[in-house]
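K.L.:
Quick one: structure below, then a few questions.
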Amino acid sequence: MATATQFATLPKRAQTQRGLVAVAMSGGVDSSAVAALLQQQGRAVVGLTMQLWNQRRLPELQGDGPAQHRCCSLDDVYDAKAVAQHLNFPHYVVNFEEQFEARVVRPFVDQYLAGRTPIACTNCNTDVKFEPLLRMARQIGAERLATGHYARIRRNDAIRRWELLRARDETKDQSYFLWGLSQEQLSRSDFPLGELTKEEVRALARRANLPVAEKPESMELCFVPTGNYVQFIQAYSRERGISLQNETGVIVNENGDVLGRHDGVHNFTIGQRKGLGFAAGKPLYVLSIDPEKNRVVVGEDDVLRKTVCEVEGVNWIPGDQPPGPLRAFAKIRHKHEAAPATIDALDAATARVTFEAPQRAITPGQAAVFYDGDIVLGGGWIR
Amino acid sequence: MDSHMDRVYLDFNATTPVEPEVFDAMRPFFSAEFANAASIHTPGQRARAAVETAREQVATLIGARPQEIVFTSGGTESDNHAIFGIVGPAFLPVSSSGDANSPQLVTTAIEHEAVLNACQALEKQGARVTYLPTDREGLIDLEELRRAIRPETVLITIMHANNELGAVQPLEEIGRIAKEADVYFHTDAVQSAGKIPIDVNTLRVDLLSLSGHKFYAPKGIGALYVRGGTRLRQLLYGGHHQRGFRPGTENVAGIVGLGKAAEIARKTLAEDARRISALRDKLQQGLLQRVLHSRVNGGAAPRTPNTTNLVFPGVEGEALLIALDLKGLACSTGAACSSGAVEPSHVLTAIGLPPEEARASLRFSLGRHTTSADIDFALNVVPAAVTQLRELSPTYGKMAEAR
């Protein structure tokens, strides 16, 4: 079409073909391995890397030198590009900073200030990755969006539903962060690593000579470059013109006796022992947080155990709530071992979880996720 | 299928290919004629002669005298040199508060980042800057310019043609106003040089930036026109190259390329403009007809002949750009940040577009080698891609109903 020879050096365009799959690439080894795996299976791949947060935005959080080996950093974008270049498929950086701030960062900070302990990754999955990013993948002609999550998606033809399952590798399982997905989202998503172990993924990355094959895993929240949430919450609040200077309050025991003072409820999470700022005879733990009165209640370990909690914002993976009380295993934090419980749906969006045995530190802001064996039935936010 | 047979490039405002004739002119100066143009010996004199020929060629393109041309590394350096060279730190007060006696600059809200960020840097050092708004077509109001000028005003810097819209400012009138007020006048002509006629005397500019790679010379070479008698500080210190304005061994091959490209542009400008604007109009009309609810941004202003910017309500420009690239059409939206992600365009926001429409806009910029078949290809793939995006858009359905 273009006649001039100078266009000969432009990169080849991807043939838009049936079965084009978009890969959400963070620049890490997992999502890079997904791209390699799909390509080996003969799929046409397009890489999308989300620009989520400007790491230079809160300059006081900058350490010396550029932020390295963390999601959202420029290094990660370059790594994703390098993988795409190595495997020779088209790759684009897409800007979701606005959505990320509105749906992940601001709620995260607000939750902490309300005395809760939020999970940013779940919001990011439900409201960014499998929402605007998935839509963009579809808009640019991809049938599905593949990610590096360790979890499995299965079509159950008997009930004509998509099912979400734990990863085969239980130590890497991320299904706890994916309970918010709808049938529509599941039907358009692929988790190719769900059947693999981390070691197999590394081996795959090495065999494919991926430039990120030896890259260390990122453990921190991607938008908190220092890993220090408290510092981030303070800096972000300052940027919004909210001073947390007047947030000091008291630490009390269950009888209301004042044991000490604190610098703001966002410094605490339920079950926390360290950092209370005073010494006591027996180990004391944060039992509850009252942001209204600016009080942190502490007590001994046995008081921390509770049998019942309520959840809100409930999502049932099959799409409809169960007709009666449901016997299932419920998991109340990522590293919690799912425990037997009965779940009573109170209405479409709330439910009561009653454990057979008391559970330690049921924490508002975290999620309770319901399992039947490997199958994720649904979940909700603990209130 | 051969890759270059089906890829169409409509992003010539981002950059242009080096014209084969330009490359041919440059070639000897990489190895055979490698001498330093500042050397006294014969090979050096030959390099010097080539540089001076190029200086004449560039001067001729804009109606300047050769000694008024300073070669630079490109548009960004030229803009920075003009701005910091006039409003240097020496003029600035010690306090950074910007009091009433601080030097003042007048510019516009739709300048390129090379100008905007230079102005912002000066603001931090205590200068005051007035950012003139524009109307919906991207044009400033001359009365507002007049009102913005104060006794402390030391520089007016207003771009000639806008990179995103193609809108051409009334430089002749601006030049007259600057002259009456006895204020230096700089223009960023990076997007107009080689596309529309420029005469520095008609326009009454004191400083003018241009960039080679926007008109078929290589990247990394540009020029700053400095009217004789202008008190411009040097930014770099070194040897006596280029009358001390811009020390550093001259990029002889690049300079020769810039000169050649300027010569070609001067000869072909009128014919190119006629042909390219006809193709641009065909593209614009075709898209307006084929894409429901589409509109031209800044279509009523005088524009560079190669540029059109359209809004396709209900789509994300970023997704549209990627979808089109995957189909083989290269165009542009807004400005890219360092990661390569799209940032909202300050230009489209400045002309009054709501954010969702700024995000739904795409720029097509044609070039000397754009063919009618390229336009047909675009008219084929763009409407189809917009339809596909709108089908999956959460907002378009509601929006279309509301109309």
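Quick note: the coordinates plus some simple rules give every number you see, no bench work behind them. Because the structure is predicted, anything quoted here is derived from the model rather than measured. Methodologically, a virtual Cβ is constructed for each residue, glycine included, from the backbone with ideal geometry; neighbour enumeration extends over all protein chains shown.
K.L.:
Normalise the Debye intensity by I(0) for segment A:194-270, one equal point scatterer per Cα, no solvent, then take log10 at q = 0.24 Å⁻¹ and round to two decimals.
P.N.:
Calculated log10 I(q)/I(0) at the listed q: -1.12.
K.L.:
In what order do B:L269, B:L292, B:L362 fall by count of nearby beta-carbon atoms within 10 Å, going from fewest to most? Before the final figure, lay out each step's value.
P.N.:
Numbers: B:L269 19, B:L292 16, B:L362 25.
The most exposed by this proxy come first: B:L292, B:L269, B:L362.
K.L.:
Excluding same-chain residues fewer than 8 positions from B:K327, which lysines have a Cα within less than 16 Å of its Cα?
P.N.:
Once the sequence-local lysines are set aside, what remains near B:K327 is A:K12.
K.L.:
For each pair in A:K81/B:K219; A:K129/A:K172; A:K293/A:K335; A:K198/A:K306, compute the distance between the two Cα atoms and list the pairs where it is over 27 Å. Please list the in-between numbers first.
P.N.:
Working: A:K81/B:K219 23 Å; A:K129/A:K172 19 Å; A:K293/A:K335 31 Å; A:K198/A:K306 34 Å.
In this structure, A:K293/A:K335; A:K198/A:K306 lie more than 27 Å apart at Cα.
K.L.:
Give me a single rounded figure for A:48-56: the average over its residues of other chain Cβ atoms within 10 Å of their Cβ.
P.N.:
Working: counts 1, 3, 2, 7, 1, 0, 3, 0, 1.
Average neighbour count from other chains, rounded to a whole number: 2.
K.L.:
Would you mind giving the mean number of other chain beta-carbons within 10 Å of the Cβ of each residue in B:314-322, as a whole number?
P.N.:
Working: counts 0, 1, 7, 0, 8, 10, 2, 3, 11.
Partner-chain Cβ atoms within 10 Å, mean over residues of B:314-322: 5.
K.L.:
Another one. Run the quick spin-label model on A:S187 and B:R150: label points 7 Å from Cα toward the beta carbon, then report their separation in nm to one decimal.
P.N.:
My value for the distance between the label points is 6.3 nm.
K.L.:
Give the separation of the Cα centroids, segment A:180-253 to segment A:82-157, in Å.
P.N.:
First find each Cα centre; the distance between them is then 11 Å.
K.L.:
Could you give the Stokes-Einstein D for chain A in µm² per second, using the C-alpha Kirkwood radius, 20 °C, 1.002 mPa s?
P.N.:
Working: Rh = 22.6 Å.
Once the numbers are plugged in, D ends up at 95 µm²/s.
K.L.:
Where q = 0.25 Å⁻¹, what log10 of I(q)/I(0) comes from the Debye formula for segment A:305-382, counting one point per Cα?
P.N.:
Each listed q maps to, in turn, -1.24.
K.L.:
By counting other Cβ atoms within 10 Å of each Cβ, how are A:L164, B:L310, A:L326, A:L346 ranked from fewest to most?
P.N.:
Details: A:L164 26, B:L310 23, A:L326 20, A:L346 14.
Least crowded to most crowded, the residues run A:L346, A:L326, B:L310, A:L164.
K.L.:
OK, next. Counting only other chains, and only Cβ atoms inside 10 Å, what mean value do you get across the residues of A:93-104? Working shown, then result.
P.N.:
Numbers: counts 8, 9, 12, 2, 4, 3, 0, 0, 0, 0, 0, 0.
Going residue by residue through A:93-104 and averaging, the value is 3.
K.L.:
Using the membrane-span-like helix rule (whole DSSP H runs, Cα extent along the own axis of at least 20 Å, mean Kyte-Doolittle hydropathy at least -1.0), which helices of chain B qualify?
P.N.:
Qualifying helices, which must be both long enough and hydrophobic enough, are B:42-62, B:252-290, B:372-391.
K.L.:
Largest first, please: the extent of the C-alpha atoms of chain B along each principal axis, to the nearest Å.
P.N.:
Largest to smallest, the principal-axis extents are 69, 57, 37 Å.
K.L.:
In debye to the nearest 20, how big a dipole does the protein assembly as shown give about its Cα centre with +1 on each Lys and Arg Cβ and -1 on each Asp and Glu Cβ? Intermediate results must be reported in sequence, preceding the final value.
P.N.:
Numbers: 86 positive and 90 negative charges, 184 e Å.
So the dipole magnitude of the protein assembly as shown works out to roughly 880 debye.
K.L.:
Percentage of Cα-Cα pair distances in the protein assembly as shown greater than 48 Å, rounded to whole percent?
P.N.:
Tail of the P(r) past 48 Å holds 32 percent of the pairs.
K.L.:
With each pseudo-label sitting 7 Å past Cα toward Cβ, what's the A:A102-B:K179 distance in nm, one decimal?
P.N.:
Inter-label distance under the simple model: 5.0 nm.
K.L.:
Need the list of lysines near B:K124 for cross-linking: C-alpha distance under 29 angstrom, and skip anything on the same chain fewer than eight residues off.
P.N.:
Result set, ordered by chain and number: B:K179.
K.L.:
Shifting gears a bit: If one takes the longest principal axis of the Cα atoms in chain A, at what angle in degrees, from 0 to 90 and to the nearest 10, does the Cα axis of helix A:74-87 lie?
P.N.:
40
K.L.:
Further, regarding this structure: Largest first and in whole Å, give the semi-axes of segment B:145-279's equivalent ellipsoid, each being the square root of 5 times a Cα gyration tensor eigenvalue.
P.N.:
On the way: eigenvalues 129, 110, 24 Å².
Equivalent ellipsoid semi-axes, largest first: 25, 23, 11 Å.
K.L.:
So what is the relative contact order of segment A:34-163, in percent, for Cα pairs below 8 Å that sit 6 or more residues apart? Walk me through the numbers on the way to the answer.
P.N.:
Numbers: 101 pairs, mean separation 27.8, N = 130.
Computed over segment A:34-163, the figure is 21 percent.
K.L.:
Can you pull the one-decimal nm distance between simple spin-label points at B:Q285 and A:Y78, each 7 Å off the Cα toward Cβ?
P.N.:
4.9
K.L.:
OK, next. So what is the relative contact order of segment A:246-299, in percent, for Cα pairs below 8 Å that sit 6 or more residues apart?
P.N.:
Normalised by residue count, the contact order of segment A:246-299 is 39 percent.
K.L.:
Under 25 °C and 0.890 mPa s, how fast does segment A:246-299 diffuse according to Stokes-Einstein, given a Kirkwood radius computed over C-alpha pairs? Answer in µm²/s, whole number.
P.N.:
Taking Rh from Cα pairs, D becomes 227 µm²/s.
K.L.:
How high is the relative contact order of chain B, in percent, counting Cα pairs under 8 Å that sit 6 or more residues apart?
P.N.:
22
K.L.:
Projecting each Cα onto the charge dipole of segment A:246-299 (Lys/Arg +1, Asp/Glu -1 at the beta carbon, about the Cα centre), which of A:P283, A:I251, A:N294 comes out farthest on the positive side?
P.N.:
In segment A:246-299, that residue is A:P283.
K.L.:
A further question on this structure: Among the aspartates and glutamates, which fall within straight-line cross-link reach of B:K195, defined as a Cα-Cα distance under 12 Å, with same-chain neighbours fewer than 8 residues apart omitted?
P.N.:
Those aspartates and glutamates meeting the cut-off are B:E271, B:D272.
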